Amino acid sequence: MAPSAFMNETAMSAPTAQDDALRAAELTELLGHSFSCWDDERRQLSRQLHDSVGSSLTALTMHLGLLARKMPQDPALQERATQMKNLLHNIIETNRQMQHRLWNDKLEFLGMKVALNELVAQFGQEHGIPARASLPDDEPRCPKSHHVVLLRVLEEGLKNIVAHAQASAVDVIVDDNDEEIMLTIKDDGVGPNSHGIGSHDKHGLRILRERAAYLGGTLTLSHGAGRGAVLTVVLPKPAQQAGAASAA
């Protein structure tokens with residue numbers, strides 16, 4: 001092949017800036033679609049666990065109680081029935097926790113404030129770490145996609161604090177205005193450089209950073225004032241919604 005012909009073929013096959021931009025736009029659209037499908041699947045699976053498995057376990061509890069009352073008052077049989085009842089209660093609680101981890105239905109039925117506040121309170125009770133939530137007086141007005149990302153960031157942030165931070169206190173702050181909504185998670189632990197977020201935990205934050213970027217926002221992890229870490233996500237509100245809020 002002549003050198004000029006080779007150069008022409010190479011020039012024709014080389015991607016242009018326009019091709020790169022188109023490819024990036026296609027990947028961004030695909031990423032957004034993947035996020036929506038992921039959320040829908042988690043929501044559906046959580047509801048199936050509630051409607052099918054949860055209902056069956058409740059029915060089993062009722063039948064076991066009735067059976068225990070009809071059984072002979074034999075100590076060995078009664079002890080076995082008690083063991084079965086305790087086991088069933090443990091399965092019910094595990095099923096409830098799985099539902100909650102897949103999809104927090106409070107986000108849909110009670111709103112973002114309730115979902116975030118209860119998550120912080122539950123974190124403090126389970127791990128014995130003082131956790132404070134500072135939330136707006138009114139329910140934030142932003143799309144459901146924003147609510148989901150904020151909740152996922154809070155879940156991931158609290159999970160990383162338990163796993164790595166060695167913190168003795170946690171503060172969760174939500175700032176809401178007409179243009180954007182911001183969630184900040186602060187701890188007084190060892191700081192981000194010692195968190196071990198270079199391993200598998202890094203991927204959780206990377207996914208959430210991409211989710212925030214898809215909505216036009218940012219997610220950052222930085223050092224706190226003095227010690228600890230600060231995880232912050234900022235999501236801009238759609239122009240139409242921000243304008244409506246300003247008019248109101």
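Could you tell me which of the residues Ala213, Ala225, Ala244, Ala229 is loosely packed, with under 15 Cβ neighbours inside 10 Å and modelled with pLDDT of 90 or more?
Ala213
Under 7 Å between Cβ atoms, at least 6 apart or on separate chains: pull out the pairs that start in segment 16-34 with a residue that is under 13 Å from Ala213 (Cβ atoms) and surrounded by 10 or more Cβ atoms within 10 Å (Cβ to Cβ) and end on any residue that is at pLDDT 80 or above and not aliphatic (A, V, I, L, M).
Once the first residue is under 13 Å from Ala213 (Cβ atoms) and surrounded by 10 or more Cβ atoms within 10 Å (Cβ to Cβ) and sits in segment 16-34, its partners that are at pLDDT 80 or above and not aliphatic (A, V, I, L, M) give Thr28/Tyr214; Leu31/Glu210; Leu31/Tyr214; Gly32/Tyr214.
Answer yes if at least one residue in segment 129-143 is free of Cβ contacts under 8 Å to residues at least 60 places away in the same chain, of a type in the set (Val, Ile, Thr) and surrounded by 14 or more Cβ atoms within 10 Å (Cβ to Cβ), and no otherwise.
Among the residues of segment 129-143, at least one is free of Cβ contacts under 8 Å to residues at least 60 places away in the same chain, of a type in the set (Val, Ile, Thr) and surrounded by 14 or more Cβ atoms within 10 Å (Cβ to Cβ), which makes the answer yes.
Among the numbered conditions (1) of a type in the set (Asp, Glu); (2) at pLDDT 90 or above; (3) under 30 Å from Asp40 (Cβ atoms), tell me where Glu108 comes up short.
(2)
Are there helices (runs of 4 or more DSSP H) fully within segment 98-164 with at least 3 residues that are among the hydroxyl-bearing types (Ser, Thr, Tyr) and more than 19 Å from Thr184 (Cβ to Cβ)? List them.
Qualifying helices (runs of 4 or more DSSP H): none found.
So, of the residues in segment 144-195 that are polar (S, T, N, Q) and surrounded by fewer than 22 Cβ atoms within 10 Å (Cβ to Cβ), which turns out to be farthest from His127 (Cα to Cα)?
Asn177
The values are calculated or read from the model by the stated rules, or taken from the named source; none is laboratory data. Remember, it's a predicted structure, so these values are computed and weren't measured experimentally. In this analysis, Cβ positions are derived from the backbone assuming ideal geometry, glycine residues included, and neighbour counts consider all displayed protein chains.
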